Amino acid sequence: MKKIITSAIALLAAFTLVACNTTTQTNSSASNTTVSQEVPDSQKPSAVSDIKSVADVPLLTLNNETQMPQLGLGTQIQSLESDSSQAGRQRLNNTSRESVIAALKAGYRHLDTAHGYYNETGVGEGIKESGVPRNEIWLTSKLWPSDYANAAQAIDDMLKRLQVDYIDLLYLHHPTGDYMAAYRAVENAVREGKVRAIGISNFDNNMNAFNDVMNNATIKPQALQIEMHPLAQRTQTRELAKKNNLQVEAWYPLGHADSTLLNNSTLASIARSHNKTVPQVILRWLMQEGVSAVPGSNNPDHIRENLNIFDFELSDSEMNQIRGLDQGESGRYFNINYDQMGQAFMRLNE
């Protein structure tokens, strides 16, 4: 309970929350949303995409036949988010830019950002300055709930901040607010070639919202992003994703660097046997479980270390030892009640 409360408080502080309307209007949203006409594939901005395996990172095939690098860089820097001054935002975006450049030079081709991280500008600058062509990068971002009511414009604004013509994977960040209006807008963006794949993030925390999307989507989602690590392995949620042909992607794959996880004796023993670090063992475990992961770091050494996991393999015994560490839902760091806290998920406009 202490971990949950601490995480919720940190989240609220980081996003400098303000009031906005988060009333869900599923039926009216679905009926009032204009459906864009399908743009021929060859004319879509996303038609230039050319994702290949780099640095031995496997490609996962999503349910729309799009291929995504399994391992990516998470770009959220919570320690810098709370400073909402112009100078603070500049520091955040400069740090994100440098992290992205370091990651792309190391061999990453999957980047994960969000409007709620306040750093899309820095991520976009990092892509341009890295020298890696945009079409070789899998770029993920997320719409914050306050974007949902005017999501079409929010997507265009996101493209401008990132300085790109399309986004590879666009998530709805949280299952609150007018999420179906937002989902319809993302479907339109797919038809227009501005988005290649659709994801829902944290929708496992609100099954009414999850079922709403799955039952009413015209274009079914491709990915479900959830908290997942050895202490919270989310077996039931992963089964739900498998049933619905959704690729699971893990955020907090290293438990937000929590010492309880990183100092675990079982993980440390396995790491020593392979001459690897505990984070490398955790990420390798996730890869062998078929899960995508986006560990975050702004330390170039750690960024390179997290990528160096494809030169060893965990045995069946070691995989089972790690599976035995699961603490179920009590092992989570973020597990809020959206019915009680849904109104809190708003943010200042940038």
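The values are calculated or read from the model by the stated rules, or taken from the named source; none is laboratory data. Here the structure is a predicted model, which means the values were calculated and not measured. Positions of Cβ are backbone-derived with ideal geometry, glycine not excepted, and every protein chain shown enters the neighbour counts.
Name the residue, out of 55, 19, that is at pLDDT 50 or above and in a loop (DSSP other than H, G, I, E, B).
Of 55, 19, the one residue that is at pLDDT 50 or above and in a loop (DSSP other than H, G, I, E, B) is 55.
Tally up the residues in the stretch 290-318 that are acidic (Asp, Glu), free of Cβ contacts under 8 Å to residues at least 12 places away in the same chain and over 17 Å from residue 55 (Cα atoms), please.
Residues of the stretch 290-318 that are acidic (Asp, Glu), as a first pass: 301, 305, 311, 313, 316, 318.
If we keep only those that are free of Cβ contacts under 8 Å to residues at least 12 places away in the same chain too, we end up with 301, 316.
Filter once more, keeping what is over 17 Å from residue 55 (Cα atoms): 316.
Number satisfying all stated conditions: 1.
Which residues, taken from the stretch 203-219, are crowded, with 24+ Cβ neighbours inside 10 Å and under 18 Å from residue 140 (Cβ atoms)?
Start the filter on the stretch 203-219 by keeping residues that are crowded, with 24+ Cβ neighbours inside 10 Å, which leaves 203, 209.
Listed by number, the list holds a single entry, 203.
With the structure loaded, tell me whether residue 50 is surrounded by fewer than 17 Cβ atoms within 10 Å (Cβ to Cβ), at positive phi and among the acidic types (Asp, Glu) or whether it fails that test. If you could, list the steps in order and put the result at the bottom.
Numbers: surrounded by fewer than 17 Cβ atoms within 10 Å (Cβ to Cβ): yes; at positive phi: no; among the acidic types (Asp, Glu): yes.
No, not satisfied.
Pairs needed: first member in the stretch 75-99, of a type in the set (Gly, Ala, Ser); second member anywhere, surrounded by fewer than 14 Cβ atoms within 10 Å (Cβ to Cβ) and in a loop (DSSP other than H, G, I, E, B); C-beta distance under 7 Å; at least 6 residues apart or different chains.
Short answer, once both residue conditions are applied: 84/348.
If I filter the stretch 121-155 down to residues being among the hydroxyl-bearing types (Ser, Thr, Tyr) and closer than 17 Å to residue 99 by Cβ, which single residue comes out as surrounded by the fewest Cβ atoms within 10 Å (Cβ to Cβ)?
Just the residues of the stretch 121-155 that are among the hydroxyl-bearing types (Ser, Thr, Tyr), to begin with: 121, 130, 140-141, 146, 148.
Right, trim to closer than 17 Å to residue 99 by Cβ and you get 121, 130, 140-141.
Working: 121: 21, 130: 18, 140: 27, 141: 29.
It comes out as 130.
Please enumerate the residues belonging to the stretch 311-350 that are in a loop (DSSP other than H, G, I, E, B), at pLDDT 75 or above and touching a Leu at 6+ places or on another chain (Cβ under 9 Å).
Looking only at the stretch 311-350, we keep the residues that are in a loop (DSSP other than H, G, I, E, B), and these are 311-315, 324-327, 332-337, 345-350.
After this cut, where a residue has to be at pLDDT 75 or above as well, the list is 311-315, 324-327, 332-337, 345.
The answer is 325, 326, 327, 332, 333, 334, 336, 345.
Which of the residues that make up the stretch 79-111 are among the hydrophobic types (A, V, I, L, M, F, W, C), under 17 Å from the mean Cα position of the chain (by Cα) and part of a helix (DSSP H, G or I)? Break it down into steps so the answer makes sense when it comes.
Step one: list which residues in the stretch 79-111 are among the hydrophobic types (A, V, I, L, M, F, W, C), which gives 80, 87, 92, 100-104, 106, 111.
After this cut, where a residue has to be under 17 Å from the mean Cα position of the chain (by Cα) as well, the list is 100, 103, 111.
100, 103, listed by residue number.
Part of a helix (DSSP H, G or I) and within 14 Å of the chain's Cα centre (by Cα): does that describe residue 126? So that I can check it myself, show each step before the final result.
Details: part of a helix (DSSP H, G or I): yes; within 14 Å of the chain's Cα centre (by Cα): no.
Taking the combined requirement at face value, the residue does not satisfy it.
Only one of (1) within 29 Å of residue 338 (Cα to Cα); (2) crowded, with 18+ Cβ neighbours inside 10 Å fails for residue 84. Which number is that?
With (1) within 29 Å of residue 338 (Cα to Cα); (2) crowded, with 18+ Cβ neighbours inside 10 Å applied to residue 84, the lone miss is (2).
Which residues, taken from the stretch 330-345, are among the charged types (D, E, K, R) and touching a helix residue (DSSP H, G or I) at 6+ places or on another chain (Cβ under 9 Å)? Break it down into steps so the answer makes sense when it comes.
Step one: list which residues in the stretch 330-345 are among the charged types (D, E, K, R), which gives 332, 339.
If the condition is that a residue be among the charged types (D, E, K, R) and touching a helix residue (DSSP H, G or I) at 6+ places or on another chain (Cβ under 9 Å), then 332 is the only one that fits.
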